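Encoded as structure tokens, the structure appears first; notes follow it.
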Amino acid sequence: MSTFLGMPVAYAPRGVGHLRGDEPFPAAARTALADPQLRRNLQHATATIRGKSGRVIAELPDWQDLRTAGSALKAYTMANLPRLLEQFEAKVTEAGGVVHWAADAAEANRIVTDLVRATGERRVIKVKSMATQEIGLNEALEGAGITPVETDLAELIVQLGRDKPSHILVPAIHRNRSEIREIFLRAMPGVDPALTDDPPVLAAAARRYLRETFLTTKVAVSGANFGIAETGTLTVVESEGNGRMCLTLPDTLITVMGIEKIVPTWQDLEVFLQLLPRASTGERMNPYTSMWHGVTPGDGPQNFHLVLLDNGRSAVLADEVGRSALHCIRCSACLNVCPVYERTGGHAYGSVYPGPIGAVLSPQLTGVEDNASLPYASSLCGACFDACPVKIDIPSILVHLRNRVPHPAAEKAVMAAAAYTMDRPRLYARAQRAAKFTKLVGKRGRGLPPPLNGWSAARDLPAPPDESFRDWWRGR
Ligand code: SF4
């Protein structure tokens, strides 16, 4: 087993991409919690997806076996990633694709921008892609005078609203239909001024605008849900058909794929194609599953470039406990069951990866110091672990990361004193007796004095019992 990829283990760089927020989670969450409309939108949307997903999962008697298979396949992939990536590269090249390796967001943006420039085009159409959001590709393209047009309906709403996505699967989950109507009226070229907020009317307006764009744009940028090492096949799953248009109509296709998206063999894909739609959109199968294999003369894009993105993934892979965050298939089930996400929404996490998976993935990609509050953005209730189709033990990774977060000096001193005391039975017994008499920690409902008062700001200190276990034991 090896985790060496031949690339330097480095975190995602600062100043590029969207993995770091402007403020820590508690401050951003406070702003989100003060918005009742946001909470209503989130509650409605997550409850609807949860219900739908739960019903179709219950139809499968072997769901737990599928989860186990998905988890095992991902563990195998991570243990053999260097070999599988090289096999994948060889197969894509053999099929007429050009493979580029990007160590980080800045390099990936540079590669894609140069490739688009080389075509002479000034506009690209985009398939929804977490990887390109992660690296801030739209901003990089705009900086080079190239206009990116998002073609997924929710992504389009976010882009036209100059907004940020707040959910992996439903990026505009924080918007209701009247807000979407206002965004379309304000920013969609050629929109009918009599537009209503009826969902079919809004969808028809987006379709009209996008059809014209699909037929006149020669370059597309996509992400990939899976890359099959055995065959060099790329896969994108989606619900609207916009991805199929982007992947087939343009002359040039550029795909940005995280290195963890590898699946070893064609047959392994059957596991993930059953897990993903049921856990994410609550569908029995994806409405559109597009697969392509290099370049086919006379059919589809005639130039295909694949950018394999690291951007901190090697650093995640090097952590024995944290690496299973790379198993994620971006279904968003953990977001939809998380009580914290349901109340704060995605913006509070500051990263394109919100919710429980964001709380463990973002700090590992950036280095835990740059996202130190995220491992605490959880009640550790375990709902995310139960919901995850590839069985990622998110609560354990959260606890692991909490141990790696730099702690304040006062907290470190208290913990060191506690460890010293607990290591010495006599001292511990004396401390227990003393606790009964101290006024500082003796009364339920009282807080701790500074600098420890932050701990008790939202908790009651438990009152020490009249009799400790040791005293009770001794009495018998
Ligand atoms: S961590 Fe699991 S549940 Fe959450 S998005 Fe990833 S695969 Fe889905």
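The values are calculated or read from the model by the stated rules, or taken from the named source; none is laboratory data. Not measured: the values here are computed from a predicted model. Positions of Cβ are generated from backbone atoms using ideal geometry, with glycine treated the same way; all protein chains shown enter the neighbour counts. Accessible surface is based on the protein model in full, side chains and every heavy atom, while ligands, DNA and RNA are left aside. Shrake-Rupley method; radii C 1.70, N 1.55, O 1.52, S 1.80 Å.
Return yes or no: is residue 396 open to solvent by 50 Å² or more (accessible area, probe 1.4 Å), within 14 Å of the ligand (Cβ to nearest atom) and either of a type in the set (A, V, I, L, M) or assigned to a helix (DSSP H, G or I) (or both)? For residue 396, the condition - open to solvent by 50 Å² or more (accessible area, probe 1.4 Å), within 14 Å of the ligand (Cβ to nearest atom) and either of a type in the set (A, V, I, L, M) or assigned to a helix (DSSP H, G or I) (or both) - is met. Contact map, segment 382-393: first residue under 8 Å from residue 333 (Cβ atoms) and open to solvent by less than 20 Å² (accessible area, probe 1.4 Å), second residue of a type in the set (Val, Ile, Thr) and more than 9 Å from the ligand (Cβ to nearest atom), Cβ cut-off under 9 Å, separation 6 or more or different chains; pairs are 389/57.
Look at (1) assigned to a strand (DSSP E or B); (2) surrounded by fewer than 21 Cβ atoms within 10 Å (Cβ to Cβ) and you find that residue 294 fails only one, number (1).
For residues that are surrounded by 14 or more Cβ atoms within 10 Å (Cβ to Cβ) and within 24 Å of residue 376 (Cβ to Cβ), scanning just segment 32-49, find the one that is farthest from the chain's Cα centre (by Cα). Looking at residues that are surrounded by 14 or more Cβ atoms within 10 Å (Cβ to Cβ) and within 24 Å of residue 376 (Cβ to Cβ), I get 35.
Among the residues making up segment 399-411, those that are of a type outside the set (S, T, N, Q), open to solvent by 30 Å² or more (accessible area, probe 1.4 Å) and free of Cβ contacts under 8 Å to residues at least 60 places away in the same chain are 399, 402, 404, 406, 407, 408, 409, 410, 411. Please determine, by comparing only the residues of segment 357-379 that are within 15 Å of the ligand (Cβ to nearest atom) and over 18 Å from residue 131 (Cα atoms), which one is most open to solvent (accessible area, probe 1.4 Å). Checked segment 357-379; the qualifying residue most open to solvent (accessible area, probe 1.4 Å) is 378. Contact map, segment 319-331: first residue touching a residue at least 12 places away in the same chain (Cβ under 8 Å), second residue assigned to a loop (DSSP other than H, G, I, E, B) and away from the ligand (no atom under 13 Å from the Cβ), Cβ cut-off under 8 Å, separation 6 or more or different chains; pairs are 323/3.
A quick yes/no check of all residues on (1) within 16 Å of the ligand (Cβ to nearest atom); (2) assigned to a helix (DSSP H, G or I); (3) surrounded by 21 or more Cβ atoms within 10 Å (Cβ to Cβ):
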| residue | (1), (2), (3) |
| --- | --- |
| 65 | no, yes, no |
| 112 | no, yes, yes |
| 133 | yes, yes, yes |
| 139 | no, yes, no |
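Restricting the first member to segment 84-97 and to residues that are acidic (Asp, Glu), and the second to residues that are open to solvent by 10 Å² or more (accessible area, probe 1.4 Å), the beta-carbon pairs closer than 6 Å and six or more apart or on different chains are 89/99.
Somewhere in segment 338-347, is a residue under 21 Å from residue 155 (Cβ atoms), near the ligand (Cβ under 10 Å from one of its atoms), touching a Leu at 6+ places or on another chain (Cβ under 9 Å) and not in a strand (DSSP E or B)? So far as segment 338-347 goes, no, none of its residues is under 21 Å from residue 155 (Cβ atoms), near the ligand (Cβ under 10 Å from one of its atoms), touching a Leu at 6+ places or on another chain (Cβ under 9 Å) and not in a strand (DSSP E or B).
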